[in-house]
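What follows is a set of notes on a single structure, which appears directly below.
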Amino acid sequence: MKFSLNVDHVAVLRNARGEDNPDPVTFALMAEEFGVDGIVVHLREDRRHVNERDVRLLRELVKTKLDLEMAADKEIIDIACDVQPDLATLVPEKRQELTTEGGLNVVDNIEQLKSTIIQLHDADIPVSLFVEPDLVQIDTAAEINSDFIEIHTGVYANAATEEEMFDELERIRQAALHAKKLGLGVNAGHGLNYLNIKEFTAINNNIDEVSIGQAIIAKSVFVGLEKAIKEMLHLLKI
Ligand code: PXP
């Protein structure tokens with residue numbers, strides 16, 4: 001299973017002082033040296049973490065893969081078409097939320113998502129839709145020509161009981177299998193960490209890649225980026 005690192009939280013720390021340190025771009029380049037398979041950033045409408053300068057520099061310098069997360073919003077999609085990330089991941093976005101709160105409702109937003117996918121495809125950018133492990137949402141993602149889905153793992157990560165956790169793992173397993181049968185690439189992410197990743201990888205051989213941010217950035221504060229990344233790579237390869 002591949003591992004992409006989300007560096008948004010480095011930008012949050014940088015923005016806290018309104019200055020230029022720590023630079024999420026430098027951090028991303030170091031993470032590549034330490035073995036991550038890709039870099040993820042979310043260019044939000046409110047620019048609360050990365051900004052356009054970060055995204056453009058990342059596009060120039062990232063050698064692995066740049067996954068740009070964004071809402072299906074005209075201004076941001078136009079920037080994405082110009083920047084040309086290796087993957088555009090469409091996510092729902094609410095101004096007041098602390099972080100992305102769940103998957104897209106593809107079924108209810110079919111026309112808007114369909115035209116956004118066409119625009120991104122016209123710019124030669126493959127598209128992923130961030131969805132719950134829900135078969136109807138996944139069918140609809142395939143129907144409107146998404147190339148990938150990213151399964152929201154937040155419910156698994158926040159499960160209050162073991163039973164709830166295993167139920168959600170099973171939903172994710174079924175969803176990944178279903179998506180693969182439809183020919184979709186399958187990523188997953190949100191809330192994955194050093195404690196919950198092992199159970200996750202054990203049942204999920206249809207997931208190509210996980211996208212992890214918070215847990216890695218938080219650990220790197222204590223042990224440094226190299227150790228934080230290598231420990232996760234080790235867990236993912238077991
Ligand atoms: N995938 C998506 C679509 C996200 O929005 C986020 C959060 O920015 C992540 C993955 C990573 O989540 P976390 O920071 O909890 O690892």
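Values for this structure:
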read-out: Scope region 225-238; condition aliphatic (A, V, I, L, M) and open to solvent by 40 Å² or more (accessible area, probe 1.4 Å); matching residues; value: 238
read-out: Restricting region 179-198 to residues that are under 17 Å from residue 140 (Cα atoms) and not β-branched (Val, Ile, Thr), the residue that is nearest to the ligand (Cβ to nearest atom); value: 187
read-out: Considering residues of region 66-110 that are more than 16 Å from the chain's Cα centre (by Cα), within 22 Å of residue 5 (Cβ to Cβ) and not polar (S, T, N, Q) only, the residue modelled with the lowest pLDDT; value: 97
read-out: Conditions (1) open to solvent by 20 Å² or more (accessible area, probe 1.4 Å); (2) under 26 Å from residue 210 (Cβ atoms); number of the one not met by residue 118; value: (2)
read-out: Flag if residue 189 is in contact (Cβ under 8 Å) with a residue 40 or more places away in the chain, open to solvent by less than 70 Å² (accessible area, probe 1.4 Å), closer than 20 Å to residue 70 by Cβ and in contact with a Ser or Thr (Cβ under 8 Å, 6 or more places away or on another chain); value: yes
read-out: Residue selected from region 208-224 under the condition touching a Lys or Arg at 6+ places or on another chain (Cβ under 9 Å) and open to solvent by less than 30 Å² (accessible area, probe 1.4 Å), by the criterion farthest from the ligand (Cβ to nearest atom); value: 220
read-out: Considering residues of region 7-49 that are within 15 Å of the ligand (Cβ to nearest atom), touching a Leu at 6+ places or on another chain (Cβ under 9 Å) and part of a loop (DSSP other than H, G, I, E, B) only, the residue nearest to residue 79 (Cα to Cα); value: 43
read-out: Qualifying residue in region 126-148 (condition: among the β-branched types (Val, Ile, Thr) and under 30 Å from residue 33 (Cβ atoms)); value: yes
read-out: Strands (runs of 3 or more DSSP E) contained entirely in region 124-238, each with at least 2 residues that are over 22 Å from residue 29 (Cα atoms) and of a type in the set (A, V, I, L, M, F, W, C); value: 127-131, 148-152, 185-189
read-out: Matching residues, region 149-167, being within 15 Å of the ligand (Cβ to nearest atom), surrounded by 15 or more Cβ atoms within 10 Å (Cβ to Cβ) and not aromatic (Phe, Trp, Tyr); value: 149, 150, 151, 152, 153, 154, 155, 157, 159
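The values are calculated or read from the model by the stated rules, or taken from the named source; none is laboratory data. Source: prediction; values computed, not measured. With ideal geometry, Cβ positions are generated from the backbone for all residues, glycine too; neighbour counts draw on all protein chains shown. Quick note on the areas: whole protein, heavy atoms, side chains included, nothing else; ligands and nucleic acids left out. Shrake-Rupley method; radii C 1.70, N 1.55, O 1.52, S 1.80 Å.
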